[in-house]
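K.L.:
There's a structure below that I have some questions on.
The values are calculated or read from the model by the stated rules, or taken from the named source; none is laboratory data. Because the structure is a prediction, the values reported are computed rather than measured. Cβ coordinates were reconstructed from backbone atoms using ideal geometry, including for glycine residues, and neighbour counts include every protein chain displayed. We work out accessible area using only protein heavy atoms, side chains counted, and drop any ligands, DNA or RNA first. Shrake-Rupley method; radii C 1.70, N 1.55, O 1.52, S 1.80 Å.
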Amino acid sequence: MTDMMTRIATLTSELMTAAWPEAQGLPTAEELRGLLAVPPDSAMGDYAFPCFRLAKSLRMAPPKIAEALCEKWNHEDVARVEPVNGYMNFFLNRENFARETMEELIAKGEKFGSSDLGAGKTICLDYSSINIAKRFHIGHLSTTMIGHSLRRIFEFLGYNTVGINHLGDWGTQFGKMIYAYKTWGSREEVEKGGVDELTRLYVKFHDEADHDPALEDEGRAWFKKIEDGDPEALEIFTWFKEMTLKDAARVYDMLGVSFDSYAGESFYVDKTDAIVAELRQKGLLTQSEGAWVVDLSEDNMPPCLILKKDGTTIYATRDLAAAKYRQDTYHFDKCLYVVAYQQDLHFRQVFRVLDKMGYDWAKDCVHVAFGMVSFGGEALSTRKGNTVHLDDLLEQAQQKALDIINEKSPELPEKEKVARQVGIGAVIYADLSNNRIKDIDFRWENALNFDGETGPYVQYTHARCCSVLRKAAEMNLPAPDWTALTDDEAQSLLRLMSRFPDVIQEAAEKYEPSMITRAVTDIAQAFNKYYYEHRILDGDPALAAARVALTGATAALIKTGLYLIGIEAPERM
Ligand code: ARG
């Protein structure tokens, strides 16, 4: 079913071209759809089309255009059209609209909005991509949740997806860490303190190296040992890595996030020689101050460093190898990199180099950038301790949810489970409620806010629907009479729901999960408005059945919407 707005836009566009076949510069059906508005007062129609944009092309006053178009209008979906002050106001055949929409919603259930658009296509998503020996903190929440949500959105649209955690597990910092561990640490303390102890050692290294620059060489020497496969160096490095991943696994479990691959930077080290050779053979490498680079001056970018003076590779070299590996292995149609916008230049360089290498799939690599997270107005810094660990945040959120449940509904079954779903839902919702490119100043109050437009509010609306449905299940209701759903509140709810499939597609096209967050919140609000204005279970049973069906469809849709942004939907709260 194409949604009502698209249908009205298409019909209006057809009318327009039929009425003025010679006119130049008329809006296309798609543009027209963008111009269609929902009037604030339903006395002015269910939709309104402003004719002002047409005035120039038609050399006619907007009210005249509206009149001419309204006169020609003739279609059963719209009960009547009225020209008012240059607007065409459409009054839907509300009963038809309710029936059609409800039939579709019921037939699709929780699959409403899904499609096979992506059948046979593969999308690689590089997200979360944490760094070894660092605690999982709020700086990695957005990449984790945006990536996870996009993955669910694309799967819902029929794509095959590959979730990749491109671990930051290579670089001289690991040599420094081993040196610090051997000099100031012990196995016992690291075992006890975990990743925090590694951070402490790393900070200590930098403090000491400030007065003793020779330490840098020591660190490099240990990194060289890792590179050369020295057993002791490798053993310690592997241990650090396992410890970090175990720590992260707890957080991923709490968030319900998983990956198909943990192939990170170290995985590509032995694949960079081939990349360097290929760049050289294609004549793309030039020497600059002893290092090897790809010149990108014609693209107005600084050169992309490939090999350092000492012959070692860098982040970019490994990303080139990773992109090629992913294309060879997964044959992706798109490869998305969900990474903060600070790395914008890095990705532009990498994608441009791939393009220069002659890979036409370079155009399918997309940097899905997001804003910076600060804490208390300052940049995050693990070294300065200016950050919030994700496990602390998630635990506090769960505790807060549990406190509220204990106070408001102490009898609730499975309290702990619901507290987990609600607490974590609040954090995820706060992270995915803004346009992804917006900077976020992390505030505990926001992440733990349960009032207003929040995850718990939407979850609560879902639970409210479920509660109505439980009561309705005992009533043995007849077949629904859709005339029950012709009032303003039901119609606005239906209108929002009928648009949901479009929202999902748009969210996928723009890589923007917040569009789903927005839609699901609007739907929750519209349902609550409906709920306050109408007694769902009372009165004529056939009319009640229609209201119950609307409630059921709302529950299913909210559940799907929350699922797509990675939030669970408890049935009781
Ligand atoms: N580990 C990096 C960081 O935390 C992000 C890696 C992103 N992915 C990539 N293929 N470069 O900043």
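K.L.:
Accessible area of His211, 1.4 Å probe, to the nearest 10 Å²?
P.N.:
The accessible area of His211 comes to roughly 150 Å².
K.L.:
Count the net charge of all other residues whose Cβ sits under 10 Å from the Cβ of Arg135, scoring Lys and Arg as +1 and Asp and Glu as -1.
P.N.:
Summing Lys and Arg as +1 and Asp and Glu as -1 gives -3.
K.L.:
Right, here's the next one. Where the centre of each part is set by its Cα atoms, how far does the range 76-109 sit from the range 353-427, in angstrom?
P.N.:
If we compute the Cα centre of each part, the gap is 40 Å.
K.L.:
While we're here: I'd like the orientation of helix 415-431 relative to the chain: the angle between its Cα long axis and the longest Cα principal axis, in ° from 0 to 90, rounded to 10.
P.N.:
On a 0 to 90 degree scale, this one is about 90.
K.L.:
Work out from phi, with θ = phi - 60° and the Karplus expression 6.51 cos²θ - 1.76 cosθ + 1.60, the ³J(HN,Hα) of each residue of the range 289-303, listed in order in whole Hz, and give x for Gly and Pro.
P.N.:
Listing the rounded values in order: 6, x, 9, 9, 9, 9, 6, 10, 4, 5, 9, 6, 10, x, x Hz.
K.L.:
Between Thr28 and Lys282, what's the calculated FRET efficiency when r is the beta-carbon distance and R0 is 60 Å? Round to 0.05.
P.N.:
0.90
K.L.:
Shifting gears a bit: Whenever you get a sec, line up Phe52, Phe205 from highest to lowest accessible area (probe 1.4 Å, protein heavy atoms).
P.N.:
Result of the area sort, largest leading: Phe52, Phe205.
K.L.:
What number of lysine-lysine pairs in the range 194-325 show an alpha-carbon separation below 23 angstrom, given a sequence spacing of 8 or more or placement on distinct chains?
P.N.:
Taking the Cα cut-off of 23 Å, the pair count is 20.
K.L.:
On a 0 to 90 degree scale, rounded to 10, what angle separates helix 62-72 from the longest Cα axis of the chain?
P.N.:
For 62-72 against the chain, the angle is about 70 degrees.
K.L.:
May I pose another question? For Ala340, list long-range residues whose amide hydrogen, built 1.01 Å from N in the peptide plane, is under 5 Å from its own amide hydrogen.
P.N.:
Counting only residues 5 or more places away or on other chains, the set is Phe370.
K.L.:
Students often forget the sequence filter, so: which lysines lie under 24 Å Cα-Cα from Lys400 once same-chain residues fewer than 8 apart are removed?
P.N.:
Lys408, Lys415, Lys417, Lys559
K.L.:
Same structure again: Identify all aspartates and glutamates with a Cα-Cα distance to Lys356 below 16 Å; exclude those on the same chain that are fewer than 8 residues away in sequence.
P.N.:
Qualifying aspartates and glutamates at Cα under 16 Å: Glu278, Asp295, Glu298, Asp299, Asp319, Asp364.
K.L.:
Continuing with the same structure: At 0.36 nm per residue, and after removing the present C-alpha to C-alpha distance, how many nm does the segment from Ser297 to Asp253 gain when stretched out fully?
P.N.:
Taking 0.36 nm per residue and subtracting the Cα distance, the gain is 11.3 nm.
K.L.:
Ok, one more. What does the accessible area per residue of the range 272-429 come to in Å², with a 1.4 Å probe and no ligands, DNA or RNA counted?
P.N.:
Accessible area per residue, the range 272-429: 47 Å².
K.L.:
How far is it, in nm, from the label point at His75 to the one at Met475 when both lie 7 Å from their Cα along the line to the Cβ?
P.N.:
My value for the distance between the label points is 3.5 nm.
K.L.:
Per the helix-only calculation at 222 nm, which mean residue ellipticity applies to the chain, given -39500 (n - 2.57) for every DSSP H run of n ≥ 4 and division by its residues, nearest 500 deg cm²/dmol?
P.N.:
My calculation for the chain gives -18000 deg cm²/dmol from helical runs alone.
K.L.:
Restricting to bridges with both residues inside the chain, how much of the DSSP beta-bridge set is antiparallel, in percent to the nearest 5?
P.N.:
That works out to approximately 55 percent antiparallel.
K.L.:
Can you give me the accessible area per residue for the range 486-545, using a 1.4 Å probe, in Å²?
P.N.:
About 40 Å² of surface per residue is accessible.
K.L.:
Using a 1.4 Å probe, what is the accessible area per residue for the range 140-233, in Å²?
P.N.:
41 Å²
K.L.:
Right, another one. What does the charge count around Tyr530 come to, taking other residues whose C-beta lies under 10 Å from its C-beta (Lys +1, Arg +1, Asp -1, Glu -1)?
P.N.:
Computed value for this residue: -2.
K.L.:
So, one more: For the range 75-208, compute the orientation-averaged projected area of the C-alpha convex hull (one quarter of its surface), in nm².
P.N.:
For the Cα atoms of the range 75-208, the hull's average projected area reads 16.5 nm².
K.L.:
In whole angstrom, note down how far apart the Cα centers of the range 186-252 and the range 540-564 are.
P.N.:
First find each Cα centre; the distance between them is then 54 Å.
K.L.:
How far, in nm, would the chain grow between Trp239 and Lys363 when pulled straight, counting 0.36 nm per residue and subtracting the alpha carbon separation?
P.N.:
Extra length available between Trp239 and Lys363 comes to 40.8 nm.
K.L.:
Quick one: helix 390-408 against the long Cα principal axis of the chain, what's the angle to the nearest 10°, folded into 0 to 90?
P.N.:
40 degrees
K.L.:
Apply 1/(1 + (r/R0)^6) to the Cβ-Cβ distance of Arg535 and Glu378, taking R0 = 56 Å, and write down the FRET efficiency to the nearest 0.05.
P.N.:
0.60
K.L.:
Show the residues, 5+ positions off or on another chain, whose built amide H is closer than 5 Å to the amide H of Ile306.
P.N.:
The answer is Trp292, Val293, Val294.
K.L.:
Between Gln505 and Gln396, how high is the FRET efficiency from 1/(1 + (r/R0)^6) when r is the Cβ-Cβ distance and R₀ = 41 Å? Nearest 0.05.
P.N.:
0.70
K.L.:
Kindly provide the trypsin sites (Lys or Arg not before Pro) of the range 509-573 that DSSP labels as loop, not H, G, I, E or B, and whose Cβ sees at most 10 other Cβ atoms within 10 Å.
P.N.:
The qualifying sites are Arg535.
K.L.:
Which percent of the accessible area of the chain is formed by carbon and sulfur heavy atoms (probe 1.4 angstrom)?
P.N.:
49 percent
K.L.:
Charges at C-beta only: +1 for Lys and Arg, -1 for Asp and Glu. How large is the resulting dipole of the chain about its Cα centre, in Debye rounded to 20?
P.N.:
My answer is approximately 480 debye.
K.L.:
List, in order, the whole-Hz ³J(HN,Hα) value for each residue of the range 435-441 obtained from phi through the Karplus relation with A = 6.51, B = -1.76, C = 1.60 and θ = phi - 60°; use x for Gly and Pro.
P.N.:
Calculated HN-Hα couplings, in order: 2, 4, 7, 5, 5, 10, 9 Hz.
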